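Have a look at the structure below before the remarks.
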Amino acid sequence: MKKLTKVRLINWHYFANETIYIKNNTLITGQNATGKSTIVDAIAFVITAGDQIFNLAANEKSKRDLRGYVKCKLGIDNQEYLRDGDVTGHVALEFYDESKETYFTIGTVIDAFGEVLAPKFIFYETEEPIREELFIDDEGRILTTTQFKKAKLVDKIYSTRREAKLAYRSKFGSINETYFSLLPKALAFKPIADVKDFIYHYLLEEKVLDVEPIKESIQAYRELEATLKIIKQKIQSLQDIQLVYDSIRKNQEQKLFYEYFLKLIDVEQTREQIKKKEKNLEKIAINRDKNKKLIQELDHQLDILDERGKEIYALLSADDAFKSGEIYDKEIQDTSRRIDEQEEIKRYFTRKYDKLKSVIKELKNDYKKPLYDQLAKVDFLNIDKEDFDQVKLDLIGIDKECQQVIEANQKDSGRLEQERQSLVGEINEIYQTLKELDNRQLRYNPMIRRLQQAIESGVKERYG
């Protein structure tokens, strides 16, 4: 919508230099002969590009003319006009375009020079609000039509009423030609005797109304309404799915953030450890140099002691008791070593058994299958030699059953993945349908399209 926001009048009847501000619906009130019709005539003269009977709102037989408005005709015997000599008048209307959120101005400049020649006028438009430069020059003089053209203050100037009418019709939304004759009638106080004739002549075309297409349209509308109801239900389902999906995605993003945050903490901790290690390395390097000298001294003393030990060992080798003690010591060391190895193996299997026991307990609590009950009864740390073969066979059977469970789970996983892919395909198809409905495109069964083409081809072939 384009709203009138401001009216500027210069030398228009009694208005010498006046700006009238308009906001939404504006009421102009006043006593008779105070200028109400004068303002309305100014607005109508510009909008209709001069196609206006002046003072029609107050008097259908008005004798006001354009010269009388510009020079302000008084009708007094000794003074015909209020403004003598050559007079120039301006009328400008400022509008606000709500769709573009911009202002534009249309207006007219009128020269009433002499008493013989008819007043000269031009119309114009500009994509700017009303500004003072459109009416008065730097020296305070009112711009005439010639000066206005030379100044090139506006985007477009129209020298004829026809050009201005075509331009204003386009500017206000390609309005009908009858608008220019309808607007003056809308300003008149005289009631319209034949309303029907007025509507058909100025607003509508008189023609017979075919009801059948309307009935078909109503039926199609009802069918579309039912389809829309189903689609809304599907949309609601899709929205629920979307909410679940958004929740999952949000949780995934939050998980990724936490993982990143934890890794960042690990990096910072690693950096701190590296710094500590570097400091320790510096201390170790210092201690290493100190210990090198000490090691060299100890190596020297060990060499001396080694030589001394060889001498003593040579002397003891001749003693039988020393030889027997040496053999026993060696066996004791070997036995101790084997015991330590066995203990380490036992500790290793104990740790493995604790982990296995925990896993078996979770499986038993979660799935409650006889398989896991049977597995929980096996005491891996206290198996007798007599029961070893039987326990081995039982474990082999349990392993086979576990493999079967794994294969069954893999099949279920594959089936669920196929169902998920199918649902994703349905969601995409519904989304495409909604998109086409938004573009006002209806989807039909391909067989209906083929039937339509066959009918068209047959009719064309038979009737040309």
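Run residue 92 past the list (1) over 21 Å from residue 161 (Cβ atoms); (2) within 48 Å of the chain's Cα centre (by Cα) and report the number of the one that doesn't hold.
(1)
Among the residues of the stretch 158-175, what is the count of those that are of a type in the set (S, T, N, Q) and either touching a helix residue (DSSP H, G or I) at 6+ places or on another chain (Cβ under 8 Å) or part of a helix (DSSP H, G or I) (or both)?
1
If a residue must be of a type in the set (S, T, N, Q) and touching a residue at least 60 places away in the same chain (Cβ under 8 Å), how many such residues does the stretch 226-260 contain?
The qualifying residues number 0.
Confirm whether residue 388 is among the aromatic types (Phe, Trp, Tyr), surrounded by 11 or more Cβ atoms within 10 Å (Cβ to Cβ) and either under 30 Å from residue 240 (Cα atoms) or at pLDDT below 70 (or both).
So residue 388 fails the test.
Which ones in the stretch 137-173 are free of Cβ contacts under 8 Å to residues at least 40 places away in the same chain and under 14 Å from residue 10 (Cα atoms)?
137, 140, 141
I'm checking my understanding of the structure. Among residues of the stretch 18-43 that are among the aliphatic types (A, V, I, L, M) and loosely packed, with under 12 Cβ neighbours inside 10 Å, which one is farthest from residue 8 (Cα to Cα)?
It comes out as 33.
Looking for whichever is in contact with an Asp or Glu (Cβ under 7 Å, 6 or more places away or on another chain) and at pLDDT below 90 here; the options are 221, 200, 168. Which one fits?
Matching residue, one of 221, 200, 168: 200.
The values are calculated or read from the model by the stated rules, or taken from the named source; none is laboratory data. Being a predicted model, the structure only gives us computed values, none of them experimental. With ideal geometry, Cβ positions are generated from the backbone for all residues, glycine too; neighbour counts draw on all protein chains shown.
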